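Novice: For reference, the structure I am asking about is given below.
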Amino acid sequence: MVLAGLLLWPVANEARADVIRVAVAGDAPFVISQNGVWSGLSVDIWQKVAALNEWEYEFTGYPDETSAVKAMLAGNADIVVAEVPITSEILQYVEFSQPYFRSGLQVMVTSARPHTLKRLFQDLSSFGHLTILWWLTGLVVVLTALVTLFERRHNPDFPKAWHDGVAEAFYFVISLLVGKSSYKGFPGVLGRLMLVFWMLVGLLTVMYLTSSITAVMTMEKMQSAIAGPQDLPGKLVGAVKNGKAVSYLSRNRIETNLYPKLEDAVGALVNGDVRAVVGAAPILQYYDANHPELPITEVGHVFSPYNYGFALPMGSKLRQPLNSALLRLQESGTIFDLAQKYFGTVYQP
């Protein structure tokens, strides 16, 4: 039995060597993993290619495309099936198959960005209005205290309890500031002049509050308007770590927050933490189409275009039969049909 095992061992190893080790990684709709079953556009195309070439293969999942490529370069995989962009930078280390999908970057924004008190106060502070508002608040407090003391001493009908008296005085002060009060105030000519001055200050205060808040909200609306990549400079943008958009945003010096997953970046967008999300156009569009409950949309044209292909080690013997099978799938319309399966009729090759 031992002798037979030794004789059969090289044959078993040789058969095992024919199994192609596939490193798979990426995002929906190109790579989808559910209960250990792999699917998605990239996976479906690879399975068609393997069937045409009668290849046996085994999948090994990786957290992202970068990890999958590194595993292949380390000799742990024979091919990377993922939405790996065919770029001059990556081409220095790997070979690529024929491209099987045309892609590029796009901008995602929220279609219903709510105004919040938090953001309003932040904008008022950044424009210097908040300091003046604090001074006005302090003036109201001082006037409320003076009116309370004066009325308790000279007005027998004024509430005796301190909390009721302060509330009554506060009402007098605010109503005078907005110009709608029957408060008689201090007696004599000096008292009347003080009331006139008080009413003028109140009128100017209301005008200032109205104009400053209106100006801040108008400016915020103008700054938040993003119609494409040309509007990104000067705004905080979200992107997926190790995603396709990182190098573009870094190269154009656009302030960026990086997130581990696309859903995290979209969550930051909806919450108002970032003004936009930049990523691969087909992935953003697929995510948007599958989350109709979210107030998100894509704006502008697809920019910084690139193609997807399967990555191979330098000098791989798989490249020629792989390319031949891909061309046959393109010519037969199979790749087009698979793309429409995931993207619908909006897909254009």
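Novice: Being closer than 27 Å to Pro313 by Cβ, modelled with pLDDT of 90 or more, in a helix (DSSP H, G or I) and not small (Gly, Ala, Ser): is that true of Val69 here?
Specialist: So Val69 passes the test.
Novice: Could you tell me how many of the residues in segment 1-25 are modelled with pLDDT of 90 or more and either exposed (fewer than 12 other Cβ atoms within 10 Å of the Cβ) or not aliphatic (A, V, I, L, M) (or both)?
Specialist: Here the count works out to 1.
Novice: Turning to a different aspect of this structure: Among the residues in segment 324-339, are any under 29 Å from Pro233 (Cβ atoms) and either more than 16 Å from the chain's Cα centre (by Cα) or buried (at least 17 other Cβ atoms within 10 Å of the Cβ) (or both)?
Specialist: no
Matching residues to (1) closer than 27 Å to Met207 by Cβ; (2) modelled with pLDDT under 75; (3) surrounded by 13 or more Cβ atoms within 10 Å (Cβ to Cβ):
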| position | (1), (2), (3) |
| --- | --- |
| Leu120 | yes, yes, yes |
| Asp123 | yes, yes, yes |
| Leu130 | yes, yes, yes |
| Ala145 | yes, no, yes |
| Phe150 | no, no, yes |
| His154 | no, yes, no |
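Novice: Right, Tyr287: modelled with pLDDT under 95 and of a type outside the set (Asp, Glu) or not?
Specialist: Yes; evaluated as a whole, the condition is true for this residue.
Residue by residue, here is whether (1) modelled with pLDDT of 95 or more; (2) under 14 Å from the mean Cα position of the chain (by Cα); (3) hydroxyl-bearing (Ser, Thr, Tyr) holds:
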| residue | (1), (2), (3) |
| --- | --- |
| Gln223 | no, no, no |
| Lys235 | no, yes, no |
| Tyr248 | no, no, yes |
| Asn257 | yes, yes, no |
| Val278 | yes, yes, no |
| Pro282 | no, no, no |
| Leu294 | no, yes, no |
| Tyr306 | no, no, yes |
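Novice: State yes or no: is Leu294 in a helix (DSSP H, G or I) and surrounded by 14 or more Cβ atoms within 10 Å (Cβ to Cβ)?
Specialist: Judged against the criteria, Leu294 is not a match.
Novice: Now, a different point. Restricting to segment 19-57, what's the tally of residues that are over 15 Å from Leu318 (Cα atoms), part of a strand (DSSP E or B) and not β-branched (Val, Ile, Thr)?
Specialist: Residues that pass the stated criteria total 4.
Novice: If a residue has to be closer than 30 Å to Val107 by Cβ and either touching a residue at least 12 places away in the same chain (Cβ under 8 Å) or of a type in the set (Gly, Ala, Ser) (or both) to count, how many in segment 292-333 make the cut?
Specialist: Final tally of qualifying residues: 19.
Novice: Can you say whether Pro85 is crowded, with 16+ Cβ neighbours inside 10 Å, within 26 Å of the chain's Cα centre (by Cα), of a type outside the set (Gly, Ala, Ser) and under 25 Å from Ala281 (Cβ atoms), as far as the supplied structure shows?
Specialist: yes
The values are calculated or read from the model by the stated rules, or taken from the named source; none is laboratory data. None of the values given here were measured: they were computed from a predicted structure. Positions of Cβ are backbone-derived with ideal geometry, glycine not excepted, and every protein chain shown enters the neighbour counts.
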